[in-house]
Structure formats: C-alpha cells, structure tokens
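To start, the structure under review is shown below, and the notes come after it.
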Amino acid sequence: MVNEALTAGIDEARLWARHQALAEHGATAAGGVNRQALSDEEIAARRVLVEWGRAIGLAPFSDAIGNLFLRYEGTDAQAPPVLTGSHIDSQPTGGKFDGTFGVLAGLEAVEAMRAAGFRPRRSIEVVAWTNEEGSRFAPGMMGSTLFRGSRELADMLAVRDGAGSSVAECVRAVRAAEPDVPERALGFPVAAYVEAHIEQGPLLELERKTIGVVSGIQGKRVFRVTVTGEENHAGTSPRRVRKDALVAAVAMLGRLHAEMHDDEDVVKFTVGLLEVSPNAPSVVPARVHFSIDLRHPDPDVLARLGDRIAPICEAVRGPCAVEVRELSHDPPLEFPIAMRDLVRDAAAGLGLAHMDLPSAAGHDARHLHYLCPTGMIFVPCAGGISHNEAESCTPADLAAGARVLVEVLGRLAA
Ligand code: HGY
Ligand code: MN
Ligand code: MN
C-alpha cells in the first residue's frame, strides 16, 4: 500500500512550471538549455532552488566543490540523511529535463511531505551535484565523485575549461554569490540515495511504461587524445616533411571507429569533441585534440576495448606525437535488489505501468552506490532523445515519477 497522504501532495502543475522556470536560466533559441557547470546561468538557477527551498523551510548548504543541498530536517537530526537529487548543469545544447527533473522531483517530494504534515525520522536532503555533465570541465560527475571520496579535491579544482578558467575559480564565484548558504564538510554519512531521471533512451516509450526500475548503469571510460605535429605552409611544404596532426588524427579516428564497431550495437564509442589548431585554412594543422566516450555493460569488454585505444593511436600517428590520457574509468554496476524492490513496489502500488531496465547513461547515482544503498527511478522522454535541445517529457510522466519518489523516500526516511 502506498502512503496516499504523501503521493496526493505531488502537484503536477507546480512541478511542470518549475521545470519551465529553471529552463529560463540558460535558455537557448531552439528551446533547450545551455547551463554548463559553474556558469552564471547555473548560479542563477541555484538561487531559484535555494529560494524555493527556503519558502518551505529547507536549509541550504554547499561544500568545497559547490554541491548544493536543501535539507528537510527529520525528527532525528543526528541520523544520517536520505539524499535525493541529480544535477542542474547541462550539455551546451541540452534539454530542460536531464538532471533537472531529479532535483525538482526531490523538491516536489519534500513539498508533498510538508503538505501532508509528514516529518520523517531521518532528514531528507535534496541535492544538485556539481558538474555532472563534464562538458565544460572534464571529467563529469565531479561533485558526486568527490563526495564519494574516490578522487582528490585538489586535482578536480585544478581542471580548466577551454577558455582557461579553473574549477577552483568558478567554485569561488559560485560560493561568493551565495553568502547566505553555509558551507559544510565535503562528504558525510548517508543512509540512502534515490535519483529520479528521464530515461534518455527509447525503451519506456516503446513498451508504453511510465516508470523504469533501474537495475544498474553500464560502464564508461573517458579519454582525451592530443596529436602534435608542426605548423607549416599549405602551399610550399612538401608532403614528406609535413607533420600534419589532422591527417594523423583522421587515421586514428578511422581505425578506432573500425575496431570499436559492433554489429550488435552494444559497444558505444563516441568522439564528440574535436579541436584543430591553429584551425587556419592555409596552415598545416599542428595540434588536434579529441575526446573519447566509450561505454559497455560488460566490465571485461570495457577494459579490453579501452586498453586498445592508446596502441591504435600510436600505430597510426605517422610523424606526429600522440598522448592518450584517461580521465575516468567507471565499471558497470548493479543497484541493490532491495532498492529496486522499493521502487517497483511504489510504482505497482500507484498503479503505474513499469519495467526493469538498465541505464545506458551515466548518473551521479553511480558514485553514491559505493557509499549507501542507492536506486534510480526513470520516466520516459519523447523518442528517447536527450543531450538535445528537443528533449521532451510530459507533465504527467514527471509527476508520476515524483509520486514514486515521495513514496520511496517516505519509506527510507521513516
Ligand atoms: O553522459 C552521460 O551519461 C550523462 O548524461 N552525464
Ligand atoms: Mn543527467
Ligand atoms: Mn546528461
């Protein structure tokens, strides 16, 4: 049986209106969102979240990487809290729902608890993790990785974006804009973590299901490759003396795409960032920098394929030099059965069509998984399209996901 007093408090119109309101911060002409990590647009969106939280008595906190927490204090203030949330940073051509839904669904769940006069034993904290997307500053999931404690804060603070700004400078700017948000230690005991998210794939829509019970997350390795040649004159330099970094990079990309090709379409191999320098029409390119995003649900295949990347690049570099750096290696994982059961029971109790499915996309839940019992709730998005300004969800599906979330949180925090 679900706690109807809680689930009835989810306000579909408010949840939808909040998605639209946050989407104004970083709104793009094509109807999407460009709200990259630690940007002015994200600072403005954080301010809105803090105000919405304050309006219902939630205490805001941040930490050394800028993770933002809104705390609904439980009757046992000392007990480790239950965390829920996701991220509000976006890809440069992102949509309104990736990440934002998890944060706003968490806030909506607390709204519903307050409206029902439900004060849980454990505190519930709605969290917006810093830099999940990893497009401005790589690697992504910085906030949740540091909260987990698996990377060094100093290493992440030293990361710079393409314009030369460091994470450290940008976190300082975020914190300076929030003098009313106290800072806490980075990382603390957590009782459980639940993340609601749009599926970012087509399965729920194809199967006509409203709720996805997420079984786990496929593995991912992230690389950056730098090819170094030499600038020269496009009209005068003979081929035998050229060190053309773009020619070498194109050979690498051809070989990599061929070797990563998988008839079954399970291997996911993407080069989404390619920079050519000096990028001038009559200059032989001296430097090419590109990204590699490699994903697979089998840890052995992920390890084997990822380990092929550097040798392939080396084999076809020609007269150029090549450096392959691995930024992150996250193996696939499965969420605990008990957390999946909680999500499934809540969906079933609410009469919502549901199915179990793995997550092909990465999420902050990946890192919380190693700290506490963790689970995820998916809702459909149109055509499975995400990382795209056209990303689209229905108000009813978002509200259904929030109802499952408040039911699960109510049980975890009781
Ligand atoms: O790329 C991902 O899987 C996620 O959206 N960061
Ligand atoms: Mn996301
Ligand atoms: Mn994303």
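The values are calculated or read from the model by the stated rules, or taken from the named source; none is laboratory data. Small disclaimer: the values here were computed from a predicted structure and weren't measured. Backbone-built Cβ (ideal geometry, glycine too); neighbour counts: all protein chains shown.
Some points to look at:
- In segment 305-319, the residues that are among the hydrophobic types (A, V, I, L, M, F, W, C) and in contact (Cβ under 8 Å) with a residue 24 or more places away in the chain: LEU305, ILE309, ILE312, CYS313, ALA315, VAL316
- Residues that are buried (at least 19 other Cβ atoms within 10 Å of the Cβ), assigned to a strand (DSSP E or B) and either without any contact (Cβ under 8 Å) to a residue 40 or more places away in the chain or not aliphatic (A, V, I, L, M) (or both), drawn from segment 278-304: ARG287, PHE290, ARG295, HIS296
- Counting only helices (runs of 4 or more DSSP H) that sit wholly inside segment 86-158, those with at least 2 residues that are within 16 Å of ligand 2 (Cβ to nearest atom) and at pLDDT 95 or above are 100-115, 142-148.
- Count - residues of segment 197-222 that are among the hydrophobic types (A, V, I, L, M, F, W, C), surrounded by 21 or more Cβ atoms within 10 Å (Cβ to Cβ) and away from ligand 1 (no atom under 14 Å from the Cβ): 3
- Total residues in segment 43-58 satisfying the condition of being of a type outside the set (Phe, Trp, Tyr), touching a strand residue (DSSP E or B) at 6+ places or on another chain (Cβ under 9 Å) and touching a residue at least 40 places away in the same chain (Cβ under 8 Å): the figure is 8.
- For ASP330, the conditions (1) within 16 Å of ligand 3 (Cβ to nearest atom); (2) over 16 Å from the mean Cα position of the chain (by Cα); (3) of a type in the set (D, E, K, R) are fulfilled apart from (2).
- Some residue of segment 343-356 being more than 16 Å from ligand 2 (Cβ to nearest atom) and under 17 Å from the mean Cα position of the chain (by Cα): no
- Residue within segment 391-407 that is in the same structural domain as THR100 (by TED's automatic domain parsing), in contact with a strand residue (DSSP E or B) (Cβ under 9 Å, 6 or more places away or on another chain) and within 16 Å of ligand 1 (Cβ to nearest atom) present: yes
- Residue match in segment 395-413 (condition: within 15 Å of ligand 2 (Cβ to nearest atom), in contact with a helix residue (DSSP H, G or I) (Cβ under 8 Å, 6 or more places away or on another chain) and part of a loop (DSSP other than H, G, I, E, B)): no
- For GLU152: the one exception among (1) within 16 Å of ligand 1 (Cβ to nearest atom); (2) surrounded by fewer than 22 Cβ atoms within 10 Å (Cβ to Cβ): (1)
- Candidate set from segment 58-85 (those that are at negative phi and of a type in the set (Gly, Ala, Ser)); member that is nearest to ligand 3 (Cβ to nearest atom): SER62
- Annotation note: of ARG340, ARG325, the sole residue that is of a type in the set (D, E, K, R) and in a helix (DSSP H, G or I) is ARG340.
- Any chance PHE188 is in contact (Cβ under 8 Å) with a residue 12 or more places away in the chain, aromatic (Phe, Trp, Tyr) and over 30 Å from PHE61 (Cβ atoms): no
- Failed condition for GLU195, given (1) in contact (Cβ under 8 Å) with a residue 40 or more places away in the chain; (2) more than 16 Å from ligand 3 (Cβ to nearest atom); (3) not in a loop (DSSP other than H, G, I, E, B): (2)
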